Amino acid sequence: MPQAFDAQNPPFDRLSHDEIGTLRAAIDIGYFAPGESVIPSGQRSEHLHVVIKGRVEERDGDTVESSLGPKDTFDARSLVHGPAGTTFVAAEETLCYLLPKAVVQDLISRNPGFAAFFYSEISRKLRSYDRRDRTGVDSALRAHVREVRYHAAIFVDGSTSLHDAGQLMQERNNNTLFVRDGARTGIVTGANLAKAFVVDRKPLDAPVREVCHFDVVAIDADDFIFAAVIAMTRHNKRRLAIRSGDDYVGVLEDIDILGLVAGNPQLIPGQIDQAKVPADLKACALDIQSQVERLHRQGARVEVIAEITSDLNRRLFAKLFEMVAPPSIREHGCLLVMGSEGRGEQTVRTDQDNGILLAKPVPEADLAAFRTAFSGALESFGFPPCPGDVMVKNPRWSQPIDDFLFQLEGWVRSPAEDGPMNLGIFFDAVSVTGHHDLLDRAKSTMVDLMRGETAYLARFARAIDLFAGASAGMLTSFMASVGVGSDEIDVKKSGTFPIVHGVRTLAIDQGIREVSTADRIAALAEAGLFGADFGRELTSALSYFMEIRLRSQLAAMATGKRERESIVKLGELTTRDRDLLRDALRVVKRFREIVRNRYHLSVF
């Protein structure tokens, strides 16, 4: 038996010492000449193959689906699901370890972690890897609130004097009290009492109801810590009430989770609020970016990083708007962010995608000044101009609502090539500050124009093939059509974009107003456009593409090569990542076919 077999190579790293011994005792080695079929299509494999030397191509007819090199494993699906749906052919002289089917199936039945690899669902594999890899801050972030040492709830009546409330805080060593005042429940803190005495000159016998806050932000005891961090960031709170059922059971303060979360992102909103001039916000923008790097370095999940980052960026944009917008624009405007920023899927700071809708025309001088000041300030913070000019600075994206609605109709009706992409960008918009109803009106108009209009939707859906050459083809050469080297893949073009745009198309078709891609997928599955299982696969594939793209973005920033922010070198991926990438690309291929068939894109 070949002792050189690498037992640390996934999925074999999930096996126990005794299980590895069983496997090694059964391993054989096979030789395959160039062009020889290793596993023919339609034939069930009697072995699990692991490439030792050489290269094997997975072919679907004339299409090369993937290229497998040393340490890559195939064909797990055939081993447990039936005959192979594709053909595996030796592209050059190849040696493989041959792991007998009976031995592998016995290990599958005994080891759930090992078994997860043998199911084609990428969501199952990602969950399995996640359990093994979760360490550092991600482990803390995924602890439950009830597992943290928080302050138990203490209740007082609204008529309690400020003096007695302060005494109770000192006696119970708790800086926060819940205040019951009739049907209302509020919170009062030591800082509230100090302000009442020192600033407002309240008498000691004043009732505590006069200084407490009844806008209580709460989180459930069974929620994850990352949800608490997001809530603190979103609402600019240093503490949250904790609920269990219908009752308040305690208070979670930022200091309670300070040691759990890298960089303590809930402190950044305070820095943004304290900024006096636009230049003060530059340091906040840098802190947000540093936060992304710290959270990723310590193992936080990409979805958590994206949500925290989106909330912080939106707060920064709203503050900048407040600083530089003339009164006429503050009174009548609705500031938007779009693209990945709007969907809440942006992590590393990329180009600007923003705009403004106005309830009525404003003085042209005010609008011109705002366009220059807002876009210029963001550029100085490190947000580069959008190559497609989707920015407040562009009059197309900063105009009165009635003019914008006319433009929307033109994008739908006109055969111009930029229409579908502009519509897609706008459909991802969210309101940051101002008159939110303006965005609701514009989106409703867009959906009404397109919903049920098969020809319009088909034209819109065609963009899913914009980078068709970057789909799930051979991983060593299929990027040639988009100008990327033979051992590289653009994960944005090949993975993220077709999922995001296909889901966006179906959401418009169904009148779904969710903004994040994951929420849209869930709504589409509920509407029956595809099964819940496939919906989970689609969401998991998107999450994986976001994760490996984030790695590339951080590497590109470190080397100053921002043009490579979505390029992944296949040779630098682990065997586990190559396996997950193949699965994710297969999901993209299946989804592309769903969209193509629904809108009959083959006729174009």
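The values are calculated or read from the model by the stated rules, or taken from the named source; none is laboratory data. Being a predicted model, the structure only gives us computed values, none of them experimental. With ideal geometry, Cβ positions are generated from the backbone for all residues, glycine too; neighbour counts draw on all protein chains shown. These accessible areas exclude ligands, DNA and RNA; they are computed on the full protein's heavy atoms, side chains included. Shrake-Rupley method; radii C 1.70, N 1.55, O 1.52, S 1.80 Å.
Please find the FRET efficiency linking Arg201 to Met323, where r is the Cβ-Cβ separation and R0 is fixed at 25 Å, and quote it to the nearest 0.05. Step by step, r from the Cβ atoms, then E = 0.20.
Residues whose amide H falls under 5 Å from that of Ile242, counting only those 5 or more places apart or on a different chain, are Ile219, Val249, Gly250, Val251, Leu252, with hydrogens built in the peptide plane. For the pair Asp448 and Lys360, the difference between a 0.36 nm per residue extended length and the Cα-Cα distance amounts to 29.4 nm. Estimated from helical segments only, the mean residue ellipticity of the chain at 222 nm is -14500 deg cm²/dmol, where each DSSP H run of four or more residues counts as -39500 (n - 2.57). In sequence order, segment 14-23 has phi-based couplings of 8, 7, 6, 4, 5, 5, 4, x, 4, 5 Hz under the Karplus curve 6.51 cos²θ - 1.76 cosθ + 1.60, θ = phi - 60°, and Gly or Pro positions carry x. Backbone amide hydrogens, once placed in the peptide plane, bring Asp353 within less than 5 Å of Met338, excluding anything fewer than 5 places away on its chain. The string of couplings for segment 240-250 from the Karplus curve (6.51, -1.76, 1.60, θ = phi - 60°) is 10, 6, 10, 9, 9, x, 9, 10, 7, 10, x Hz, one whole number per residue in order, with x for Gly and Pro.
The candidates His501, His163, His17, arranged from most to least accessible area with a 1.4 Å probe in the full protein assembly, appear as His17, His163, His501.
Largest first, the extents of the alpha carbon coordinates of segment 295-394 on the three principal axes equal 49, 24, 19 Å. Using a probe of 1.4 angstrom, how much of the accessible area of the chain is carbon and sulfur, in percent? Percent of accessible area from carbon and sulfur atoms in the chain: 49. In a DSSP loop and with at most 15 other Cβ atoms within 10 Å, the GluC sites (Glu not before Pro) in segment 1-65 are Glu36, Glu46. These residues, Arg77, Arg180, Arg14, go from largest to smallest accessible area, 1.4 Å probe, as Arg180, Arg77, Arg14.
With contacts taken as Cα pairs under 8 Å at a separation of at least 6 residues, the chain carries a relative contact order of 10 percent. Take Leu204: with every protein chain present and a 1.4 Å probe, its accessible area is about 100 Å².
Distance from the Cα centroid of segment 280-321 to that of segment 350-377 is 23 Å (rounded to whole angstrom). With a cut-off of 13 Å between beta carbons, the residues surrounding Glu514 carry a summed charge of +1, where Lys and Arg count +1 and Asp and Glu -1.
Cross-link pairs exceeding 30 Å between alpha carbons, from the set Lys202/Lys282; Lys360/Lys393; Lys393/Lys561; Lys282/Lys569: Lys202/Lys282; Lys282/Lys569.
Excluding ligands, DNA and RNA, the accessible surface per residue across the chain is 42 Å² with a 1.4 Å probe. Using a probe of 1.4 Å, the accessible surface attributed to Ser494 totals some 0 Å² when neighbouring protein chains are kept in position. Sparse packing (at most 10 other Cβ atoms within 10 Å of the Cβ) combined with a DSSP loop state is found for none of the chymotrypsin sites (Phe, Trp or Tyr not before Pro) in segment 357-422. Accessible-area rank, largest first, for Arg24, Arg243: Arg243, Arg24, with all protein chains present and a 1.4 angstrom probe. Taking a Cβ cut-off of under 15 Å around Tyr599, the surrounding Lys, Arg, Asp and Glu residues balance to a net charge of +3, with basic ones at +1 and acidic ones at -1. The mean of 1/r over all distinct Cα pairs in the chain, once inverted, gives the Kirkwood hydrodynamic radius of 27.2 Å. Under 5 Å from the amide H of Val432 lie the amide H atoms of Leu335, Leu336, Val337, each residue being 5 or more positions distant or on a separate chain, with H modelled from the backbone and absent for Pro and chain starts. I need the calculated FRET efficiency for the pair Thr22 and Arg396, taking r as the beta carbon distance and R₀ as 45 Å, to the nearest 0.05. The value I calculate is 0.10.
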